[in-house]
1. Can you tell me which residue is surrounded by the most Cβ atoms within 10 Å (Cβ to Cβ) among those in region 414-433 that are among the small types (Gly, Ala, Ser) and either more than 8 Å from the ligand (Cβ to nearest atom) or farther than 17 Å from PRO489 by Cα (or both)?
2. Tally the residues that are among the aliphatic types (A, V, I, L, M) and either more than 27 Å from GLY75 (Cβ to Cβ) or modelled with pLDDT under 95 (or both), restricting the search to region 137-186.
3. Restricting attention to region 253-286, report how many residues are in a loop (DSSP other than H, G, I, E, B) and either surrounded by fewer than 13 Cβ atoms within 10 Å (Cβ to Cβ) or not hydrophobic (A, V, I, L, M, F, W, C) (or both).
4. Within region 19-71, how many residues turn out to be hydrophobic (A, V, I, L, M, F, W, C), outside any strand (DSSP E or B) and over 17 Å from the mean Cα position of the chain (by Cα)?
5. What are the pairs, 6+ residues apart or on separate chains, where a residue within region 8-25 that is at positive phi has its Cβ under 9 Å from a residue that is part of a loop (DSSP other than H, G, I, E, B) and modelled with pLDDT of 95 or more?
6. Quick one: how many residues across region 467-482 are surrounded by 15 or more Cβ atoms within 10 Å (Cβ to Cβ) and touching a helix residue (DSSP H, G or I) at 6+ places or on another chain (Cβ under 8 Å)?
7. Would you mind finding the one in ASP446, ASP478, ASP436 that is of a type in the set (Asp, Glu), within 14 Å of the ligand (Cβ to nearest atom) and at pLDDT 95 or above?
8. Suppose we filter VAL411, VAL400 for residues that are under 14 Å from the mean Cα position of the chain (by Cα), more than 10 Å from the ligand (Cβ to nearest atom), without any contact (Cβ under 8 Å) to a residue 60 or more places away in the chain and not assigned by TED's automatic domain parsing to the domain that holds ASN78; which single one remains?
Amino acid sequence: MNGAENLIRALLAGGVDTFFANPGTSEIHLVAALDRIPEVRCVLGLFEGVVTGAADGYARMAEKPASTLVHLGPGFANGLANLHNASRAQVPIINVIGQHATHHLPLDTPLTSDIEAIARPYSKWLRTSRASTQVGRDAVEAVAAACTAPGQIATLIVPADVAWSDAGSVAALPAIVPKTPVPAAAAVEQAGAMLRSGIRTAILMTGNALYGKGLAVAGRIAQAAGAKLLAPYPVTRLERGAGLPPVDRVAYVLEQGVEQFKEFRQLILVGARAPIAYFAYPGKDSAFTAPDCKIHMLATPGEDYVGALEAVETALSRPQTPLAGEVVVEKAARPQLPDGNITLPGLAAVVGALLPENAIVVDESMTSGRGMMAATKGAPPHDWLGNTGGSIGIAMPLAVGAAVASPGRRVLCLTADGSGMYTLQALWTMARESLDVTTVVFANRDYAVLKREFSYLGVGNPGTRALGMFEIGRPNLDWVHLAKGMGVPGTRVTSLAEFAKALRECFASKGPTLIEVAL
Ligand SMILES: Cc1ncc(C[n+]2csc(CCOP(=O)(O)OP(=O)(O)O)c2C)c(N)n1
């Protein structure tokens with residue numbers, strides 16, 4: 001086998017069987033090797049921001065890494081914005097980047113760049129492979145690094161000659177992932193003492209504390225201690241809906257966040273950071289918590305969140321019997337299907353009324369979707385994926401990756417027209433892969449959030465030029481035709497009844513569809 005095959009077989013042995021790719025000449029041998037390894041699924045993205053965002057969505061749902069395959073420095077640089085979001089999501093990803101052949105690199109040809117320098121800020125593990133016989137071992141180390149808690153980005157740069165040279169027959173080695181450490185006993189004891197104190201306490205969690213076993217344990221703790229469970233606004237994955245412990249998402253807007261935290265004098269953090277406004281505002285404090293709120297880090301990022309919660313549960317039940325009582329869960333309740341003209345609460349109510357069981361909601365609905373979480377809290381159980389790094393243009397790529405990782409589950413991708421324009425090429429991948437993704441575009445023809453920020457920053461009223469930077473009509477984007485041009489059937493709706501009808505039909509159909517909501 002050659003180095004390319006050595007690399008891909010090693011990744012496969014490490015459990016990495018999905019590639020999101022946009023290759024070039026320096027990656028041709030890797031692409032050729034994919035042909036010889038049919039167990040690997042390779043998904044093409046027509047822009048690298050789709051590739052990295054899809055790898056993020058895949059990791060959030062599959063709880064294991066996919067690999068990206070991108071072309072040299074420029075291809076990788078195109079993917080950086082969504083890689084930024086992925087690094088904030090703390091998910092495992094392996095980037096495989098082609099490099100010029102070793103003897104060609106010093107010739108400084110047009111596509112030459114310092115790939116390591118571009119990759120370093122977002123790579124917890126970074127290496128340029130040196131030999132075809134070694135590249136498999138490099139890949140195994142990359143898998144181990146990516147899978148190290150809480151989930152990391154590992155980048156392997158592969159010179160073309162490393163890929164094309166003979167590697168002999170190399171046996172794949174197992175990836176040795178370091179065990180995730182549990183927090184120190186003192187951190188657990190302190191959390192237990194805080195929860196027993198009777199003082200109003202919130203528990204802000206992230207990672208796998210927000211779904212599955214972690215959420216179940218957290219629900220029992222919250223019930224026993226009368227504590228409130230919270231998820232960060234930039235949420236990676238939150239399991240929610242009827243029958244699950246209720247978790248509120250921290251607000252985006254500073255004032256709303258301050259209001260939300262006003263009642264808490266204690267905050268316990270599980271892998272999360274204390275909530276801070278995204279941006280500074282002149283004369284305002286950025287913290288959401290009250291100055292006298294005691295903040296305790298139960299588990300730092302990279303520690304075992306579920307183990308930490310279990311230890312707290314044990315500490316709380318000592319010396320009595322295990323925690324008793326019914327866990328407080330969200331009641332099954334859906335809004336009435338509304339009718340009439342489009343309003344934002346009306347749109348949220350339609351989604352709340354129709355969201356299918358076991359759906360995956362990808363949320364980049366921006367100002368149009370602020371009511372979505374409230375309207376869906378009693379809907380059948382579903383997962384909610386947010387934008388973790390604030391770099392817009394994540395929704396459609398994330399939906400691609402989530403759908404690839406979760407066959408049989410409906411993905412509802414909520415996006416806004418401004419955000420959607422960054423990475424709409426993802427629609428083409430949805431069509432090519434026949435992914436069950438329903439994309440809803442809230443077309444307000446504005447960068448509405450920036451208009452609001454303008455007023456918050458106290459710069460007065462925007463003039464014509466400033467408004468010109470925030471208004472994205474003239475010409476109006478035609479999402480139905482944009483989608484059609486990429487093989488995705490779409491429809492435009494102008495009333496709540498039309499929206500409900502279109503959403504029903506989309507949820508019942510196979511493959512991707514798009515709804516443009518004219519606001
Ligand atoms: C990559 C990137 N570029 C620019 C921004 C700045 N930005 C934040 S919100 C926004 C506009 C969002 O508009 P849209 O998605 O239509 O949502 P709306 O505010 O209208 O609800 C921009 C340009 C950003 N966050 N990320």
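The values are calculated or read from the model by the stated rules, or taken from the named source; none is laboratory data. In this text the structure is predicted, and so the values were computed from the model without any measurement. Because the Cβ atoms are built from the backbone with ideal geometry, glycine has one as well, and the counts that use them run over all protein chains shown.
1. Our first condition is that a residue be among the small types (Gly, Ala, Ser); within region 414-433, this holds for 416, 418-420, 426, 431.
Filter again for either more than 8 Å from the ligand (Cβ to nearest atom) or farther than 17 Å from PRO489 by Cα (or both), leaving 416, 418-419, 426, 431.
Details: ALA416: 27, GLY418: 24, SER419: 24, ALA426: 36, ALA431: 17.
Step by step, filter region 414-433, then rank; the result is ALA426.
2. Start the filter on region 137-186 by keeping residues that are among the aliphatic types (A, V, I, L, M), which leaves 139-140, 142-146, 149, 153-154, 156-158, 160, 162-163, 167, 170-173, 175-177, 182, 184-186.
Within this subset, residues satisfying the condition of being either more than 27 Å from GLY75 (Cβ to Cβ) or modelled with pLDDT under 95 (or both) are 149, 170-173, 175-177, 182, 184-186.
Residues flagged as among the aliphatic types (A, V, I, L, M) and either more than 27 Å from GLY75 (Cβ to Cβ) or modelled with pLDDT under 95 (or both) within region 137-186 amount to 12.
3. Let us first name the residues in region 253-286 that are in a loop (DSSP other than H, G, I, E, B), namely 253, 262-265, 272-275, 277-286.
Subset that is either surrounded by fewer than 13 Cβ atoms within 10 Å (Cβ to Cβ) or not hydrophobic (A, V, I, L, M, F, W, C) (or both): 262-263, 265, 273, 275, 278-286.
So the answer is 14.
4. Within region 19-71, the first condition is being hydrophobic (A, V, I, L, M, F, W, C), and the residues that meet it are 19-21, 28, 30-34, 37, 40, 42-44, 46-47, 50-51, 54-55, 59, 61-62, 66, 69-70.
Subsequent filtering for residues that are outside any strand (DSSP E or B) retains 28, 30-34, 37, 40, 46-47, 50-51, 54-55, 59, 61-62, 66.
Filter again for over 17 Å from the mean Cα position of the chain (by Cα), leaving 28, 30-34, 37, 40, 46-47.
Number satisfying all stated conditions: 10.
5. Matching pairs, first to second residue: GLY15/LYS64; GLY15/PRO65.
6. 5
7. Values: ASP478 fails: within 14 Å of the ligand (Cβ to nearest atom); ASP436 fails: within 14 Å of the ligand (Cβ to nearest atom).
One residue alone meets the criteria, ASP446.
8. Working: VAL400 fails: without any contact (Cβ under 8 Å) to a residue 60 or more places away in the chain.
Matching residue, one of VAL411, VAL400: VAL411.
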